[in-house]
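Written out below as structure tokens is the structure these notes cover.
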Amino acid sequence: MSNPYISKFLDLIQSLLNKQGSTPPTQPVVQAAPIQSPEDTHQAEPKVAPAIVQQTPLVPSQTLNFVSNNIAKLSDADYVRAAQLLNVEVAAIRAVTSVESNGGGFLPSKRPRILFESHLFARFTTQKYNQSNPNVSSKIWNKALYKGGEKEYDRLLEAMRLNEQAALKSASYGLFQILGSNCQSCGHDNVYDFVKANVESEAQQLECFIKFLQANGLDVHLRNKDWNAFAKKYNGPGYLQNAYHTKMQVAYEKFKS
């Protein structure tokens, strides 16, 4: 026989359980949004094959400005300092300056005085442009190709559009007409820095000259006033034909007096 009290107790428990199951929760359940990777935050870029673009040769104005902001002449103090560093006479340095550039490192356009050597450009570019650009690329030295003065820049710029570095290395610059190919002997890591120094001032052109002589042992010949030995190494094998040694000696005697 069942106990009525137990039956009522079980019915009460069942009633409480049913009531609790029908009550909604007091706090809504929030589902976190999925974390997006960077690729999910935008649409994919279209996979279009890029067009083949012909590389345009560098335009000189994009790389170098040849116009100087300081075309002041070398002072007496500049010459004295250089002579002391090289242990040579001031007259000897003035003689080289006079013969190489007629005493002026800049043209009326405020650009460094230059001379473009077509045979060097041809050598640096493996004769590639001899046929297409004969005015700036020649297998042999040809004096007739020189235009002189400001017109030398026409030749330099033409060559720069073909091969910029080779062109810059093929020209001589400033008071002392040192070739760009000698940039490292002048204390510069590359021809661009060398050209910028020559554009900066005559004082910087003089610095290049000092370092060039020291690096190549030419200060000894200048110290001894051995104009033949100096001109042979400084101006090359054509020094006799152009009488550089004689011109320097005459200039030295003039400045010495």
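So for segment 73-87 (the condition being modelled with pLDDT of 95 or more, within 29 Å of the chain's Cα centre (by Cα), farther than 17 Å from Ala203 by Cα and surrounded by 12 or more Cβ atoms within 10 Å (Cβ to Cβ)), does at least one residue qualify? Checked segment 73-87: no residue is modelled with pLDDT of 95 or more, within 29 Å of the chain's Cα centre (by Cα), farther than 17 Å from Ala203 by Cα and surrounded by 12 or more Cβ atoms within 10 Å (Cβ to Cβ).
When segment 200-257 is filtered for residues that are among the hydroxyl-bearing types (Ser, Thr, Tyr) and more than 23 Å from Ala77 (Cβ to Cβ), the ones remaining, listed by number, are Tyr234, Tyr239, Tyr244, Thr246. Among the charged types (D, E, K, R), in contact with a helix residue (DSSP H, G or I) (Cβ under 7 Å, 6 or more places away or on another chain) and part of a loop (DSSP other than H, G, I, E, B): is that true of Lys73 in this structure? Judged against the criteria, Lys73 is a match. For segment 115-124, the condition of being crowded, with 16+ Cβ neighbours inside 10 Å and under 29 Å from Ala77 (Cα atoms) holds for at least one residue. The residues in segment 76-106 that are outside any helix (DSSP H, G or I) and either touching a helix residue (DSSP H, G or I) at 6+ places or on another chain (Cβ under 8 Å) or touching a residue at least 60 places away in the same chain (Cβ under 8 Å) (or both) can be counted, and the count is 7.
Of the helices (runs of 4 or more DSSP H) contained entirely in segment 187-257, those carrying at least 3 residues that are more than 19 Å from Tyr173 (Cα to Cα), touching a residue at least 24 places away in the same chain (Cβ under 8 Å) and out of contact with any Leu (no Cβ under 6 Å at 6 or more places or on another chain) fall at 244-256. Checking each residue in segment 145-176 for being closer than 23 Å to Ala231 by Cβ and part of a helix (DSSP H, G or I) picks out Leu145, Glu152, Lys169.
The values are calculated or read from the model by the stated rules, or taken from the named source; none is laboratory data. Values in this document were obtained by computation on a predicted structure and should not be read as measured data. Note that each Cβ is placed from the backbone with ideal geometry, even for glycine, and that neighbours are counted across all protein chains shown.
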